[in-house]
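Here is the structure we will look at, set down as structure tokens.
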Amino acid sequence: MKDNTPLIEIRDLHKSFGDHHVLNGFNMSLYEKENLVIVGKSGSGKSVLLKCIVRLVDIDSGTLNVLGQSIPDLQQEELDILRTDVGFLFQGSALYDSMTVRENLQFPLRRHSKRLQRPDEDKLILEALESVGLAHTLDLMPEELSGGMKRRVALARTLILQPKIILYDEPTSGLDPITAKEIIELILKVQNQYGTASLIITHDMDCARVISNRMIILVDGIDYGNGVYQELAISEDPKIRAFFK
């Protein structure tokens, strides 16, 4: 890390849906080139947190700053610009089924063409696919790809905008152990090659152990535990120990 200025800073974040309180004063900071893993039980609010960060849902109260900007205070145009610096890898990959792999990667480039001004589209697409080992899939349709290949293409589509932060929503969910290991290795490669900071939510403790520089245990809507894997793994707190059994 170059300095102590967080790329994402969250303080006392609250989010409810009706009477269901999901986040109850959550705090976190994500620093440059860091892989921060958040673990929590199903329904604990992990995915809601990611959606708050890119304002797919609005927070109820608290402070939420990304790259020095207050997310709740941004106008739509400002938010759209910020989102080019924050990649979001959805759990289901979210590829466009009617588009080839090439067209899926073209989409973000053309959507942000005025701002990015990168003329060599084909070169960028090929480089992004090569970085995830899938240059040969250029003209395939998503239905022709395995689950792991879809994750890789989705990551290539995220990388093509060269984001400063990547948000991963359960990156190994639904994958067989070998493919899950490949995705974990790829996330580490991205961190080393591109110097991105990543926020990874998962319930996969093997993934968390290998990939994290630091972890947050999300319990009862708050950052209940915070530290490196080795520290948290020997905690005597029963709510933390429950994740390491």
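Please tell me the relative contact order of the chain in percent, rounded to the nearest whole number, where contacts are Cα pairs under 8 Å and at least six residues apart.
Working: 431 pairs, mean separation 66.2, N = 245.
Relative contact order here is 27 percent.
Amide H contacts of Val22 (H built 1.01 Å from N, in plane; Pro and chain starts excluded): Lys15, Ser16, Phe17 sit under 5 Å, all sequence-distant by 5 or more or on other chains.
Compare Gln191, Gln75, Gln162 in a GNM of the chain, Cα atoms joined below 10 Å, and give the one with the largest fluctuation. Among Gln191, Gln75, Gln162, the largest mean-square fluctuation in the Gaussian network model of the chain belongs to Gln75. Put the Cα centre of segment 10-46 next to the Cα centre of segment 174-208 and the gap is 20 Å. Summarising the amide proton neighbourhood of Ile38: residues at separation of 5 or more, or on other chains, whose placed amide H is nearer than 5 Å comprise Ile200, Ile201, Thr202, Ile216. The value of relative contact order for segment 89-162, using C-alpha pairs under 8 Å at least six residues apart, is 49 percent.
Annotation: the residues Met205, Met149, sorted from fewest to most other C-beta atoms within 10 Å of their own C-beta, follow the order Met205, Met149.
A simple spin-label model places the labels of Ser16 and Asp73 2.6 nm from each other, with each point 7 Å out along Cα-to-Cβ. Note on Met141 and Asn226: their simple-model spin labels are 4.8 nm apart, each label 7 Å out from Cα toward Cβ.
What's the exposure ranking of Asp204, Asp139, going from fewest to most Cβ atoms within 10 Å? Working shown, then result.
Working: Asp204 19, Asp139 10.
With the fewest neighbours first, Asp204, Asp139 line up as Asp139, Asp204.
How high is the relative contact order of segment 162-240? Use alpha-carbon pairs under 8 Å, at least six apart in sequence, and give a whole percent. Before the final figure, lay out the partial values.
On the way: 84 pairs, mean separation 20.4, N = 79.
Contact order relative to length: 26 percent.
The 3J(HN,Hα) values that the Karplus relation (6.51, -1.76, 1.60; θ = phi - 60°) gives for segment 182-190 are, in residue order, 5, 5, 4, 4, 5, 5, 5, 4, 4 Hz. Gly and Pro appear as x. Only helical runs count toward this figure. For the chain, summing -39,500 (n - 2.57) over DSSP H runs of n ≥ 4 and dividing by all residues gives -10000 deg cm²/dmol at 222 nm. Cross-link partners of Lys123 among aspartates and glutamates, defined as those whose alpha carbon lies under 15 angstrom from its own and excluding same-chain residues fewer than eight positions apart: Glu103, Asp139. With R₀ set to 22 Å, the beta-carbon distance separating Ser61 from Asp85 gives a calculated FRET efficiency near 0.30. By the count of other C-beta atoms within 10 Å, a proxy for reagent exposure, Phe17, Phe107, Phe243 are ordered fewest to most as Phe17, Phe107, Phe243.
Bear in mind that the values in this text are calculations on the coordinates, not laboratory data. If you're wondering where the values come from, they're calculated on a predicted model, not measured in any experiment. Glycine also receives a Cβ, built like all others from the backbone with ideal geometry; neighbour counts cover every protein chain displayed.
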